[in-house]
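Data block below; observations after.
The values are calculated or read from the model by the stated rules, or taken from the named source; none is laboratory data. Computed from a prediction, not measured in an experiment: that's the story for all the values here. Neighbour counts are summed over all protein chains in view; Cβ atoms, including those assigned to glycine, are modelled from backbone coordinates with ideal geometry. Accessible surface is based on the protein model in full, side chains and every heavy atom, while ligands, DNA and RNA are left aside. Shrake-Rupley method; radii C 1.70, N 1.55, O 1.52, S 1.80 Å.
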Amino acid sequence: MTAVTTTPKAPAYDERLTAPRLWWGIAFLFGLSMAAIFLPFGIIPALTALVAGTGLAGFFVSSQGSMRIRVVAGLLVAGEARIPLSALGEPEVLDGEEARAWRTYKANMRAFMVMRSYIVTAVRVEVVDPDDPTPYVYLSTRSPDELAEAIRSSR
């Protein structure tokens, strides 16, 4: 008798919405400014403020870059949300101005949105499930064409 092992299917699409590198530099500069503020109290308080300020700012930058978008096993996974692909319509690639419009004046309050201000492109997918009050899903992504194709091909 041979054992059959099943491995989970590899994701058709996998992206982590990491923060820009510039933000990490700003986090370090925040730590330096904290050190400069505490320098009159001595070198130990200044070094403590450098570590604490950089750590605090680094935590913020890290939390902004922790969102992950995946298309795997018939699901669109965005953060904690798991949306069956069967409940979604045709994906629409949004570039530049159109993506900004759907983030602002065209936005619907009931939509599920994963937005990152530092990513200018997005994908919008209509929710076709009649029992779901969510009109569409808006996902900021650096690779909108790849995400849209992964949604289409994984159905």
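Structural remarks
- Nearest-0.05 FRET efficiency for Leu22 and Ala52, computed from C-beta distance (R0 30 Å): 0.85
- Placing +1 on the Cβ of every Lys and Arg and -1 on the Cβ of every Asp and Glu, with no other charges, gives region 20-155 a dipole of roughly 440 debye about its Cα centre.
- Couplings 3J(HN,Hα) of region 42-49, computed from phi: x, 6, 5, x, 5, 5, 5, 5 Hz, in residue order, whole Hz [Karplus 6.51 cos²θ - 1.76 cosθ + 1.60, θ = phi - 60°; x for Gly and Pro].
- Computed Kirkwood radius, in angstrom, where 1/r is averaged over Cα pairs of the chain: 18.0 Å
- Modelled FRET efficiency - R0 25 Å, Ala101 with Arg155, Cβ distances, 0.05 increments: 0.40
- With q set to 0.19, 0.26, 0.29 Å⁻¹, the log10 of I(q)/I(0) for region 63-129, from the Debye formula over equal scatterers at the Cα positions, is -0.84, -1.38, -1.45.
- Residues whose placed amide H lies under 5 Å from that of Leu88, excluding near-sequence neighbours: Val128
- Calculated accessible area for the chain comes out at 61 Å² per residue, all protein chains present (probe 1.4 Å; ligands, DNA, RNA ignored).
- Furthest towards positive pole of dipole, Pro144, Phe60, Ser117, structure part region 8-155, Cβ charges: Phe60
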